[in-house]
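Where a number appears in this text, it was derived from the coordinates with a stated rule and is not lab data. Owing to the predicted nature of the structure, the values given are computational and were not obtained by experimental measurement. Because the Cβ atoms are built from the backbone with ideal geometry, glycine has one as well, and the counts that use them run over all protein chains shown.
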Amino acid sequence: MKKIIWLAIIVVLAIIIVGYLVGFYNNLVKQSTAIDNQWAQVENQFQRRFDLIPNLVASVQGAMAQEQNIFTALAEARTKYAGAQTIDEKATAAGEVEGALGRLLVIMENYPQLKSIDTVQTLMVQLEGTENRIAVERGRYNDVVAAYNAKIAQVPGNILAPIFGFKARQYFKAAEGAQTAPQVDLIN
């Protein structure tokens, strides 16, 4: 009788431990999938930017012929993004687009006569909205990465996650120099 009780206790403990491990693993899979999904949302907004901007820019290029270099930089950065293979390459290319867009927005702010052109106003509104959407999605991405990374860094995650093959994920980081406002020199 005692053997049956001890056996039952061992079986119950084994079931609890296996259940916990399965639940822990499934939670990591869920969080990892949420990170991938959120990155897809970031890319979705990048794609929206890259689909929208050329059409908007084409509609105002005539009014802003003197800023051809910015449009060229935007097109080159867009091409780099399209050819990027990794998240880091995509983030770098997206940072280049952000830099060119920042220069474009500063120029539009410094030319009041451009603001009166409806197509330029539309471009400014669309660019601002697009950049806000991207910022929101990047923030959400970093939030899910933070939750996941915290889970695998804490006990028992720091022990179990490597056993199950889960590793820390990278945050979306600002491009080099993004903290510095763009300088526009229209005289030279």
With Ala161 itself left out, Lys, Arg at +1 and Asp, Glu at -1 over residues whose Cβ is under 12 Å from its Cβ give +3
Report the local net charge at Tyr148: Lys and Arg +1, Asp and Glu -1, summed over other residues whose C-beta lies under 15 Å from its C-beta. +3
